[in-house]
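Here the structure is laid out as structure tokens; the discussion comes afterwards.
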Amino acid sequence: MSTAAFIVIAILMLAGALAAATLSKLIHAALCLVIAFIGIAALFFLLGAEFVGLVQIFVYVGAVAVLIVFTILLTRHAEEPTSGFNWSGVLVAVAVFAGLIWVILQTPSLSAPAPVIEALTVKRIGEVLMTDYIWPLQCVGLLLTAALVGGLILVMEEKR
Amino acid sequence: MTSWILAHLWLIPAAPLAMSLLILGLAGSRPRTGSALAIIGQVVALGLAVVAFVPTLETPGFRTFQNFTWFTFGEQALRIGWVLDPLAAAMLVMITFVGLWIFVFSTGYMAGDKNFSRFFAYLSFFSAAMLGVVIANSLLLLFVCWELVGLASYLLIGFWIHKPSAAAATKKAFITTRIGDIGLFLGILWLYGGSGTLLFYDGGNGCLEKTGLLALGASASFIALLIFSGAAGKSGQFPLHVWLPDAMEGPTPVSALIHAATMVAAGVFLVARMYPLFSFGALDGVTPSLTVVVWIGVVTALMGALIAVAQADIKRILAYSTISQLGLMMVSLGVGGVAAGIMHLLAHGFFKALLFLGSGSVIHGCHHEQDIRKMGGLRRIMPVTFLAYAIGMMALSGVPLLFSGAWTKEEILHATAHWPRSPVPYYLMMAGVVLTALYMTRQMICVFFGKPREAAERAHESPSVMTIPLIVLAVCTIALSAVLTPAWPWLHSYLTGEPAQFDLGRLIQPMLFVSLALVAAGIGLGILFYRNAGRDDPLARSQPLLFRFLENKMWLDELYAKTVIAWSAMFSKLSDWMDRHIWDGLARTIGGAGQLIGIVSANFDERGINAGVDESAAGTRGLGRLIAARHSGRIQTYMGVIAVGMLALLVLYAWLT
Amino acid sequence: MTPTLTLFLIISAALFSIGLLAALSRRHAIFILIGIEMMLAAANLNFIAFWRFAPQPQAPTGVMVAIFSIAIAAAEAAIGLALVISVYRHYRTTNVEKLDQLKG
């Protein structure tokens, strides 16, 4: 795990996230969000969770980002501007950040170096998914189906 | 195959039952699906019944049963099961076969009814319940199916519930049969108490087998009588016959089903099934219970035939003829001719279904006119119906040689003639045969011959979906006689287990001439009497008093209204008065005391507690308003509050650890 | 020097706060969804980091939770965006400040 790579990725990712949160044009924000997601995926790779990183890219970059872009296109005729800022929200966010940092720094024994582990293979993940996590897997499958149906029903043209 | 059907005999009633539920569940608004499903269920049941029929042919006196424990309570295990013997197998085939053609007929007769598929669901249910009665090897299971038959008949007789007369008729049928069923239920309890089992056959331990019957001892006669009261209710025996003619308010296929294949057959079947109990301890083939059965049967047979002579409604005539024929069967069972009675039941199932469906066809053709005085001359307009009806009529009257009813009737007469107790039933039965031929001739003449009167002028022949069942049943009515003749009494030997020989020489017997003479007398008298009958009845002209007596059904309904019903009404009024003035006074005194306590505590409540509650309610309301004002309805405000709360929790957590 | 758990946690806290900022201060409904996605991603990052730095990382619980969390986040995003579209159809706006019919 190289520190240089970590720093570069982290800075890119946070920059993308900040841009996604603050840019006034929605479509730009969505593209910056893609950068942030790719950064997170890279961090996952760095942590040795390659499979999760790949899933992150497939799901977020491939699907969620595209969905967001579509939604933006479908609702772009909104008359009011997409900018507009609520400064009290910024205050709360900064306070939460400060609180989190304070708590993290207060906690001892977080600075131990990462232990050496075997690579987590996709085979192993598949085995675990099909044995210990079979019920959560089924439930998630059901949830995704329900979300699919629900999403369709929500966006169907209302019959008048 | 054989052992499979024996283990799965329950499938026979299950098929129509499943279809019934399926129709109710699925085909509410799809009439074609409904009728198709019902017919499929019936065909499946018929197929299975035939499969079950085959093994009973192989060995004489074949009987197999399968019992299992339904549930246990304490030490006692309640066991039910099913049994297959010639009696059950023959009934199964008859019910499913006749039922099937009634179903087919119904698709034409009920076409256009707005509850078409519900009708078929009920029909299937009816059929399933009756099949359950037939295969039951436990009096309990039989009773359950028996009551289901009652329920199904209630639903079907009252199918056109919007007609007040139908509603009254269905209520009457249900309550009248229930009176008999009380007796049956008491009999079941007594039987269980006496023998400790309700299984008919259980490898020597059943209640119809030696040990069970011996355990009952002298009480067997009383139990048999109680059971007979149930059978009398279902089979329309005097004095519980009054519901049967009123049951004509149902659609005609229902009448056919009730009168031929299912409901009324159940009573006769029950007596035949329980025959070992009835004949237990017989001296010379006579027991007290069987004597009662004979006399009730005789009264019923004669009364039904007499009343039928003076009825004007085509279906009512057939209804009273059913009552009379059921009486005949009961007589046959009572005098020991079980096989003859069941044979007549089977043959009657065919030709009475034929007659009812024929009358249905006539009614359908005459635009739902049922009064025979308004028909006439239909012979030319409805030739198929006429021919089928004529075959049914001749079978019912007992015209010898060709028609199944004649052979069975002859055999019943034969059995009755040898009853040692008294010759009177025999002579009365002969009178009944003459009367049967007489009223059937009258009906034929009024409906099919002579000049067309008002209802017949606009008549038309029924569609083929209705005439084909008629033809099939007519053919069966004739064909059935092949196994009934004394020359080759196959059905008789099948039911009794004695071998049958083919002997053409026995075809002609003295009794044949007796019945020939009787039938000829009946038909001849009928032709003589009614050849010019039209709007007015010759009997009404010559014997007005007698005619009115018969036309009003011997005033039995009125008699019941004046006695039993009036008494029960009086009793309920008495109960009501007791309730109002005696029990109520008691209740009021107690209630008054309660009220007094209530008033005291209410005062305390209002003055003491309510004030406090009111105060706090006002406080809550004010607080609610205050909080409601903070609800901006904006999601981001809420989220911010959540974030702040989370931060607070975080800080608190870090503080504490 | 290799990055420690503290560093990952700080990065994830920063990402979470940025997500919160987007969710709390932007008026457009889609920004709220973007913020929520970021917060979820931050949580996933935490799971993976804790798994990697745990003493015995043989049981991949953290990875499993992250995978399920991604699946649920995908469902959430789909429903959320469908809601945005249907809200837009109904009110002709995506400004959450105008959607205040639930106010007390």
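Observations on the structure shown:
- Stokes-Einstein diffusion for region A:118-160, with the hydrodynamic radius set to the Kirkwood value over Cα pairs and evaluated at 20 °C in a medium of 1.002 mPa s, equals 168 µm²/s.
- Sorted largest first, extent of region C:5-94 alpha carbons per principal axis (Å): 53, 23, 8
- Between region B:85-112 and region B:628-650, the Cα center-to-center distance that results, in Å: 73
- Using the alpha carbons alone, the radius of gyration of region A:1-42 stands to its Kirkwood radius in an Rg to Rh ratio of 1.06.
- A protection proxy built from the mean count of other Cβ atoms within 10 Å ranks the segments B:11-17, B:234-240, most packed first, as B:234-240, B:11-17.
- Calculated SAXS-style log₁₀ I(q)/I(0) at q = 0.06 Å⁻¹ - chain B, Debye, Cα scatterers: -0.41
- Over 25 Å (Cα to Cα) - which of B:K172/B:K315; B:K172/B:K409; B:K171/B:K562; A:K25/C:K103; B:K210/B:K409; B:K234/B:K352 fall in this group: B:K172/B:K409; A:K25/C:K103; B:K210/B:K409
- Interatomic Cα distance distribution for region B:1-155, bins of 10 angstrom, percent: 12, 38, 31, 15, 4, 0
- The 1.4 Å probe gives accessible areas that order C:H28, B:H460, largest first, as B:H460, C:H28.
- Considering only B:A38, B:H8, B:L428, and ranking their Cα positions along the charge dipole of chain B that arises from unit charges at the beta-carbon of Lys, Arg, Asp and Glu, the one farthest toward the positive end is B:A38.
- Inter-chain Cβ neighbour average for residues C:61-73, partner chain, 10 Å: 6
- Selected from B:L257, A:V90, B:A417, residue furthest toward positive end of dipole (the protein assembly as shown; charges at beta carbon): B:L257
- Look at where the Cα atoms of region A:105-119 and of region A:122-160 average out, and the two centres are 34 Å apart.
- Cα pair distances in region B:284-325, grouped into 5 Å bins until the bin that holds the longest one, percent each: 6, 25, 22, 15, 12, 9, 6, 3, 1
- Peptide A:16-29, shielding by other chains (average Cβ, 10 Å cutoff): 5
- Region A:1-109: radius of gyration over Cα atoms, expressed as a fraction of 2.2 N^0.38 Å: 1.27
- Here the dipole of chain B is about 1420 debye; that uses its Cα centre as origin and unit charges on the Cβ of Lys and Arg (positive) and Asp and Glu (negative).
- The residues of the protein assembly as shown expose, per residue, 44 Å² of accessible area to a 1.4 Å probe.
- Structure-based [θ]222 nm, chain B - -39500 (n - 2.57) summed over DSSP H runs of at least 4, per residue, nearest 500: -23000 deg cm²/dmol
- Rg(Cα)/(2.2 N^0.38 Å) for region B:565-657, N = residue count: 2.52
- Shielding score for A:126-134, defined as the mean number of other chain Cβ atoms within 10 Å: 2
- Taking Cα centre as origin and charging only the Cβ of basic (Lys, Arg, +1) and acidic (Asp, Glu, -1) residues, the dipole magnitude of the protein assembly as shown rounds to 1840 debye.
- For region B:190-314, the Cα gyration tensor yields ellipsoid semi-axes of 32, 17, 10 Å (square root of five times each eigenvalue, largest first, whole Å).
- Solvent accessible area, Å² - B:R316, 1.4 Å probe, full protein context: 40
- Centre separation in Å (Cα based) which lies between region B:585-618 and region B:1-54: 63
- Per-selection Rg to Rh, the protein assembly as shown - Cα, Kirkwood hydrodynamic radius: 1.23
- Solvent-accessible area, 1.4 Å probe, carbon plus sulfur percent, for region B:1-152: 68
- Each chain gives up part of its surface: C and A jointly bury about 7000 Å² of accessible area, both sides summed, for a 1.4 Å probe.
- Across the accessible surface of region B:315-421, with the other protein chains kept in place and a 1.4 Å probe, carbon and sulfur atoms take up 60 percent.
- Note on chain B: dipole from Cβ charges, positive end direction compared against B:L141, B:F200, B:A305; the farthest Cα belongs to B:A305.
- Heavy-atom accessible surface of region C:5-94: percent carbon and sulfur, 1.4 Å: 73
- Descending principal axes extents, region B:128-172, alpha-carbon based, whole Å: 39, 16, 9
- Put simply, chains B and A cover up around 700 Å² of each other's accessible surface, both sides summed, when a 1.4 Å probe is used.
- Computed from Cα atoms alone, the Kirkwood hydrodynamic radius reported for region B:382-423 is 11.5 Å.
The values are calculated or read from the model by the stated rules, or taken from the named source; none is laboratory data. These figures come from a predicted structure and were not determined experimentally. Positions of Cβ are generated from backbone atoms using ideal geometry, with glycine treated the same way; all protein chains shown enter the neighbour counts. Protein only, heavy atoms only, side chains kept; ligands, DNA and RNA dropped before computing areas. Shrake-Rupley method; radii C 1.70, N 1.55, O 1.52, S 1.80 Å.
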